[in-house]
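Below: one structure, written as structure tokens.
The values are calculated or read from the model by the stated rules, or taken from the named source; none is laboratory data. None of the values given here were measured: they were computed from a predicted structure. Heads up, the Cβs are rebuilt from the backbone with ideal geometry, glycines too, and the neighbour counts pull from every protein chain shown.
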Amino acid sequence: MHEETFQDCYCRWDERTLVIGNDLIERTYDLSDGLVRPTGLTDKALRQQWLPGGADRVLFRLPGMGEGPYLDIAVRADTDDRLGLSAEFLRVRLTLSCTDCTVTSTLSVFPGVPAVSTEHRVKGRPAEPEQEYPAVGDFRAHRSLAGEMKKTPWPRPDTVECLPLPGGHLRTRAVQLFDVTDIYNTLVREEEVLLYGPGFEALRGSLLFVEDEVEPAGLFLVKNAPNPVGQLNYHGFDFHFAGRDVLEVRGTGLRPEELTPERALPCYGCTVGVYDPAAELGPERALRRWHDAVDRRTPERDTYILANTWGNRSRDTKVCADFLKAEMDRAAGLGVDVCQIDYGWQRGSTTDPADGVVDKSRRYRDKRSDFWQIRTDRFREDFADISAHGAEKGVALGVWFAPDDYDDFADWELDRDRLVELFRRCGVTHFKLDIFDIESKLGEDRLVRLLEGVVSGTGGGAALQMDLTMCRRLGFFYHPQVGEIFLENRYTDWGNYYPHYTLRNLWHLSRYLPSRRLQMEFLDLDRNPDNYPDDPLAPRHYSPDYAFAVTMVGSPLAWMELSELDEREVKALRPVMAAYRRERERLFECEIWPIGREPSGTSWTGFQALHPDGGGYLLVFREMNERPEAALRLHGVRDGTLELEVCHGPGFESDGRVDTDGNLRVRLAEPRSYALVRYEALKAG
């Protein structure tokens with residue numbers, strides 16, 4: 001028996017069995033017949049065995065690969081930290097070889113995290129696609145299929161994870177997160193199902209929670225893939241239950257005809273974890289522990305207020321050195337850390353001059369070889385003048401960039417090298433990546449290599465913002481460690497920016513994602529009042545500091561031209577930004593959870609930030625309503641008194657007493673007001 005350990009993580013294997021786990025979870029696999037079959041899943045804290053022994057389902061399968069056993073299974077283990085972007089973890093690589101293909105399945109486990117992740121890469125001869133899985137609404141085909149799945153063996157195509165379940169009374173909740181935010185504005189949708197023995201369920205989502213209602217125990221699953229609306233080769237669902245006995249995670253994203261013997265292509269993967277349903281925030285906190293390990297943010301690189309001028313819709317008409325210096329001057333006066341040049345700094349154009357539509361008909365560098373060089377009619381050749389000006393003011397420089405997706409990102413190495421050069425030679429530290437569409441697994445693989453190359457080439461110093469507003473991108477759970485998320489384009493010019501919309505999206509997503517990953521926008525509220533006639537929730541009815549406060553538990557994005565703000569707006573923003581900057585390092589260390597009612601423009605709502613030392617923060621919003629007082633239910637505190645200190649926000653009152661249900665009564669004197677409040681550990685009584 002071979003063995004490898006790392007802190008509380010371990011793996012053991014021989015020619016028949018593989019075991020991987022830590023102090024919280026253990027998974028076992030049967031290798032004896034030349035296949036990888038999941039046979040055990042144990043929640044060590046609850047002493048719950050989820051998988052019955054003798055499972056006959058395979059862990060992974062790609063359509064067209066055939067059903068025979070692999071000729072060879074090689075296993076090796078080591079540790080990794082994904083270029084320093086993740087915590088260090090133990091990984092086990094299984095190389096599975098057969099006549100037609102080679103599959104590398106990688107299992108990974110982090111110390112102290114109750115989850116095991118699996119990912120797969122495949123190379124081999126192209127194969128013919130198999131018959132399509134029946135459409136979700138084809139109940140006759142599914143009824144026949146459900147019966148077939150109970151026969152042994154009945155292989156399932158296009159599978160990235162398989163869990164034979166113990167039956168019993170199981171309830172499941174699928175959570176779908178949406179990007180493509182130029183179209184969608186409700187970004188979290190959930191579906192709950194009680195599993196039925198003779199039936200089946202095909203559920204769509206990035207996340208799945210399964211609970212045993214008789215012997216309380218829970219599983220969470222993350223499909224490590226783009227959000228469903230952005231997945232490649234998507235079948236219309238992600239999680240399939242055959243009654244209460246088998247759960248499969250479907251959709252590799254890889255078409256069999258894409259296979260090549262020269263290059264191993266990535267498939268989507270899956271993370272399986274355990275939790276205690278009786279614990280407060282049980283499923284969400286277990287998921288958060290995994291996410292914090294995978295995506296290890298650092299305050300030095302990842303805590304900042306960034307300004308991008310595109311929100312004022314003057315596009316690139318003002319972009320030049322003098323304009324950027326004026327932006328940096330205003331940024332320094334407000335406490336903004338980064339000024340980012342959007343489109344217009346580069347010599348080439350991504351759009352067709354005839355109609356202004358993005359032109360993807362050929363490579364950018366075929367249009368002009370110096371496409372990504374700096375426009376010398378607007379800036380010095382190396383940004384030296386504005387970089388020096390920013391350094392003097394304490395303001396970093398960022399730029400917008402569009403990785404060239406032509407021919408499956410064929411220029412990925414050139415794009416990588418240009419971004420590294422901009423960092424090293426031109427002082428650019430923040431890159432917003434936009435206007436690309438992933439069309440194949442080869443393109444996806446190259447894009448990830450580009451991103452990892454920038455991280456490696458800059459020594460982890462570059463901060464990347466991944467635009468999720470349009471097209472097929474990486475989403476929330478596929479390679480989450482490579483950058484922050486530029487979540488949405490919203491403009492007063494088109495009447496689609498409302499402060500409560502931004503608050504609502506951050507509030508919903510913060511339940512399932514670390515909110516610090518999300519760039520959230522605040523705009524110049526005085527612009528375009530005529531686009532909101534007779535609208536009581538129009539931006540002009542809110543104060544500038546309220547709009548900024550909405551973003552404080554995310555990554556604040558000044559989506560505007562700072563130099564266009566008038567003195568009234570500047571005067572309103574300075575104090576709240578100063579308060580945020582004083583507290584942000586400690587806020588960064590907190591778990592952020594939504595509290596109150598869903599933001600609607602008329603609610604009492606907000607966030608609770610739980611610090612490891614037992615204290616934390618409350619960010620409370622009284623939206624437009626006539627209720628000056630509300631009871632907010634808090635997490636982790638019951639029956640006692642909190643010591644409260646208002647960091648910023650006029651008119652906040654509370655005696656700090658928390659009742660036995662965790663409710664704290666708070667008061668804000670005026671509608672459309674807020675407060676950031678620091679609290680210390682609970683005192684009993």
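If you take the residues of the range 380-401 that are assigned to a helix (DSSP H, G or I) and acidic (Asp, Glu), which of them is farthest from CYS426 (Cα to Cα)? Step by step, filter the range 380-401, then rank; the result is GLU392.
Scanning the range 5-18 for residues that are surrounded by 18 or more Cβ atoms within 10 Å (Cβ to Cβ) and under 31 Å from the mean Cα position of the chain (by Cα), we see that the one that is nearest to ALA115 (Cα to Cα) is CYS9. Checked against the criterion of being surrounded by fewer than 17 Cβ atoms within 10 Å (Cβ to Cβ), in contact (Cβ under 8 Å) with a residue 40 or more places away in the chain and not small (Gly, Ala, Ser), the candidates GLU591, GLU626 yield just one match: GLU626. Could you look through the range 150-165, keep only residues that are crowded, with 17+ Cβ neighbours inside 10 Å and not aliphatic (A, V, I, L, M), and pick out the one that is modelled with the highest pLDDT? Ranking the candidates gives GLU161 first. Criterion applied to LEU676, LEU664 was being touching a His at 6+ places or on another chain (Cβ under 8 Å) and within 13 Å of VAL620 (Cβ to Cβ), and the one residue passing it is LEU676.
When ARG472 is tested against (1) surrounded by fewer than 24 Cβ atoms within 10 Å (Cβ to Cβ); (2) touching a strand residue (DSSP E or B) at 6+ places or on another chain (Cβ under 8 Å); (3) of a type outside the set (Phe, Trp, Tyr), just one condition goes unmet, and that condition is (2). Condition check for ALA202 on (1) outside any loop (DSSP other than H, G, I, E, B); (2) among the hydrophobic types (A, V, I, L, M, F, W, C); (3) over 30 Å from LEU503 (Cα atoms); (4) touching an Asp or Glu at 6+ places or on another chain (Cβ under 8 Å): one failure, at (4). Listed conditions (1) charged (D, E, K, R); (2) assigned to a loop (DSSP other than H, G, I, E, B); (3) surrounded by 14 or more Cβ atoms within 10 Å (Cβ to Cβ) are all met by ARG362, apart from (3). Pairs linking a residue in the range 36-51 that is within 14 Å of GLY21 (Cα to Cα) to a residue that is surrounded by fewer than 18 Cβ atoms within 10 Å (Cβ to Cβ), with Cβ atoms under 6 Å and 6 or more positions apart or on different chains, are THR39/GLY53; THR42/GLN49. Hey, among the residues in the range 255-274 that are part of a helix (DSSP H, G or I) and of a type in the set (D, E, K, R), which one's modelled with the lowest pLDDT? Checked the range 255-274; the qualifying residue modelled with the lowest pLDDT is GLU257. Residues that are outside any loop (DSSP other than H, G, I, E, B) and loosely packed, with under 15 Cβ neighbours inside 10 Å were ranked within the range 166-192; the one that is farthest from the chain's Cα centre (by Cα) is GLU192.
Residues in the range 563-573: is at least one touching a residue at least 40 places away in the same chain (Cβ under 8 Å), closer than 30 Å to PHE323 by Cβ and in contact with a Gly (Cβ under 9 Å, 6 or more places away or on another chain)? So far as the range 563-573 goes, yes, one or more of its residues are touching a residue at least 40 places away in the same chain (Cβ under 8 Å), closer than 30 Å to PHE323 by Cβ and in contact with a Gly (Cβ under 9 Å, 6 or more places away or on another chain).
Provide a single number: the residues in the range 315-350 that are among the charged types (D, E, K, R), assigned to a helix (DSSP H, G or I) and within 19 Å of GLU569 (Cα to Cα). Residues in the range 315-350 being among the charged types (D, E, K, R), assigned to a helix (DSSP H, G or I) and within 19 Å of GLU569 (Cα to Cα): 3 in total. Number of residues in the range 447-461 that are surrounded by fewer than 20 Cβ atoms within 10 Å (Cβ to Cβ), in a helix (DSSP H, G or I) and touching a residue at least 40 places away in the same chain (Cβ under 8 Å) equals 5.
Scanning the range 330-357 for residues that are surrounded by 12 or more Cβ atoms within 10 Å (Cβ to Cβ) and farther than 20 Å from THR309 by Cα yields one hit, ASP352.
Within the range 649-669, no residue that is closer than 19 Å to SER543 by Cα sits with its Cβ atom under 8 Å from a residue that is surrounded by fewer than 17 Cβ atoms within 10 Å (Cβ to Cβ) and of a type in the set (S, T, N, Q) at 6+ positions apart or across chains. Among the residues of the range 501-526, those identified as touching a Lys or Arg at 6+ places or on another chain (Cβ under 8 Å) and among the hydrophobic types (A, V, I, L, M, F, W, C) are LEU523, LEU525. If you go through the range 431-444 and keep only what is in contact with an Asp or Glu (Cβ under 9 Å, 6 or more places away or on another chain) and not aliphatic (A, V, I, L, M), you end up with LYS432, ASP434, PHE436, ASP437, GLU439, SER440, LYS441, GLY443, GLU444. Once the range 421-442 is narrowed to residues that are in contact (Cβ under 8 Å) with a residue 40 or more places away in the chain and closer than 13 Å to PHE401 by Cα, the residue that is farthest from the chain's Cα centre (by Cα) is VAL428.
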